[in-house]
């Protein structure tokens, strides 16, 4: 089974500053058929269901602000918020969809410093 | 507009059973893989089960294998999760989620709370 590990568990960033957090998979999630990484990022605000932000590791979902960007390949991935806004306070989860088990990372909680 | 609405949650005693439903609208239900994802209070997301568009392929997390059964009725635009032999650690909000063309989860319902307690 693929294990997804996110770091850090929590992060406090000042408004307008950059927030960067990581996701590491225990094995490569590179899909050979299209040479894309099967890695998605979700944002979950309190009391709400998760919301898809990024898929294929770096493709932003429609309507997601361009301050959110995903990067990485193979086993190491990063989600960056270029200029943190108050509405970005949330828990962020990565997920692999390379396997049938669709494992999530444990989440990174982003707060305002 | 895509909508997924879960129902059927509630309080159940350990060892008991419960059946969750997810009613979908706004898309051609029979074309998409569907999933159940749960979130224990204050915890992270845990994928529970998935079922392919024709019900040919079903998959389960090890934590629920042999106790939970996923099914769907494409004529009724409905997804189900039959949960048996429930344990306290099954207490969670259960979300229904629709795959995109590939395996990430494009749409989510609002969730239904299952509480397993004596």
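The values are calculated or read from the model by the stated rules, or taken from the named source; none is laboratory data. Fair warning: this is a prediction, and the values are worked out from it, not measured in the lab. Cβ atoms come from the backbone with ideal geometry, glycine included; neighbour counts cover every protein chain shown.
Observations on the structure shown:
- Unmet requirement for residue A:81, which otherwise passes all of (1) touching a residue at least 40 places away in the same chain (Cβ under 8 Å); (2) over 12 Å from the mean Cα position of the chain (by Cα); (3) crowded, with 20+ Cβ neighbours inside 10 Å: (2)
- Condition met for residue A:22 (surrounded by fewer than 19 Cβ atoms within 10 Å (Cβ to Cβ), within 11 Å of chain B (Cβ to nearest Cβ) and either more than 15 Å from the chain's Cα centre (by Cα) or part of a strand (DSSP E or B) (or both)): no
- Filter result (surrounded by fewer than 14 Cβ atoms within 10 Å (Cβ to Cβ), under 17 Å from the mean Cα position of the chain (by Cα) and assigned to a loop (DSSP other than H, G, I, E, B)) within the range B:17-39: B:17
- Verdict on residue B:61 being within 8 Å of chain A (Cβ to nearest Cβ), at pLDDT below 95 and in contact with a strand residue (DSSP E or B) (Cβ under 6 Å, 6 or more places away or on another chain): no
- Here the condition is being under 18 Å from residue A:89 (Cα atoms) and under 13 Å from the mean Cα position of the chain (by Cα); of A:11, A:15, A:52, A:39, it holds for A:52 alone.
- Residue satisfying condition, being crowded, with 19+ Cβ neighbours inside 10 Å and either under 13 Å from the mean Cα position of the chain (by Cα) or closer than 21 Å to residue B:105 by Cβ (or both), within set A:29, A:3: A:29
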